[in-house]
């Protein structure tokens, strides 16, 4: 007896498309990513517009700067503003001001790196009586406002005949007076394995050998971060040179820029902006070269590899 094959009936579920939650989540991620990048680009444009306007205005004539003219582009671009800015103030060239700022900034970097690293090694690796007390006193100086010690420091340097020299601006850098950098390096050293010191002592190495051959190479991120911040802070320092320097030949760029604004009586806006751009270039270049070490130096929590 033959049986007749009954055709298979398709169910409604077989004809409907299957729901795929993965594709929906991917689509939502794309939308969120697109919105995030749009917002980020918009905020970046808002933040960078003043800087772009400053750079563009340094090439514009004074007639196109200020007022209702906010355009970035001009049909009269020229280098006249930079020529005027490089002439300097009162017979002192802008190159001299650059040299003075470079001396102070490089001196601050060298002094801070040397003194802070040695002090940090003592606090982090050498056990001596009163170490915790001295470290706590050093940290407490971070809470002391700079303005509190201005008058006592000036009186001391004046009595020593050091006013109108670079000594008051640099001596603290070589004496580990910047507690922030000492604290930064102490925390970095404490995250390095103590077994490295013990192995070096077994081989007969002393503190000098351990510090120079083991600690310094491993502290590269912290040292570079210290150098970056120290350079920027020293380059932009206005109050210190204003207090201790009296001779225009010794002025750094921040003081020279202030003098330039006073001399031009706020009329030569193009030259002012051009000099501001020149003053920002070294800091920008220095930052761009070493920027990747900033976060690494601050947030590193141990050895890599």
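The values are calculated or read from the model by the stated rules, or taken from the named source; none is laboratory data. Just so you know, these numbers come straight off a predicted model, no measurement behind them. Ideal geometry is used to build each Cβ from the backbone, glycine not excepted, and the neighbour counts take in all protein chains shown.
Here are a few things to note about the model shown:
- Qualifying residue in segment 151-163 (condition: more than 21 Å from residue 240 (Cα to Cα) and touching a residue at least 12 places away in the same chain (Cβ under 8 Å)): no
- Residue that is farthest from the chain's Cα centre (by Cα) [pool: residues in segment 114-148 that are without any contact (Cβ under 8 Å) to a residue 40 or more places away in the chain and surrounded by 12 or more Cβ atoms within 10 Å (Cβ to Cβ)]: 131
- Within segment 68-99, the residues that satisfy the criterion of being in contact with a helix residue (DSSP H, G or I) (Cβ under 6 Å, 6 or more places away or on another chain) and part of a helix (DSSP H, G or I) are 81, 82, 84, 85, 86, 94, 97.
- Residue match in segment 182-192 (condition: closer than 26 Å to residue 233 by Cβ, surrounded by fewer than 13 Cβ atoms within 10 Å (Cβ to Cβ) and touching a helix residue (DSSP H, G or I) at 6+ places or on another chain (Cβ under 7 Å)): yes
For (1) under 30 Å from residue 63 (Cβ atoms); (2) surrounded by fewer than 18 Cβ atoms within 10 Å (Cβ to Cβ); (3) touching a helix residue (DSSP H, G or I) at 6+ places or on another chain (Cβ under 7 Å); (4) at pLDDT 90 or above, each residue gets a yes or a no:
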site: 228; (1), (2), (3), (4): no, no, yes, no
site: 243; (1), (2), (3), (4): no, yes, yes, yes
site: 261; (1), (2), (3), (4): yes, yes, yes, no
site: 264; (1), (2), (3), (4): yes, yes, yes, no
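- Cβ-Cβ under 6 Å pairs, at least 6 apart or on other chains, segment 65-88 side at pLDDT 75 or above, far side in a loop (DSSP other than H, G, I, E, B) and surrounded by 13 or more Cβ atoms within 10 Å (Cβ to Cβ): 76/61; 77/59; 81/58
- Taking segment 193-224 as the range and being modelled with pLDDT under 85 and crowded, with 16+ Cβ neighbours inside 10 Å as the test, the residues that pass are 197, 205, 221.
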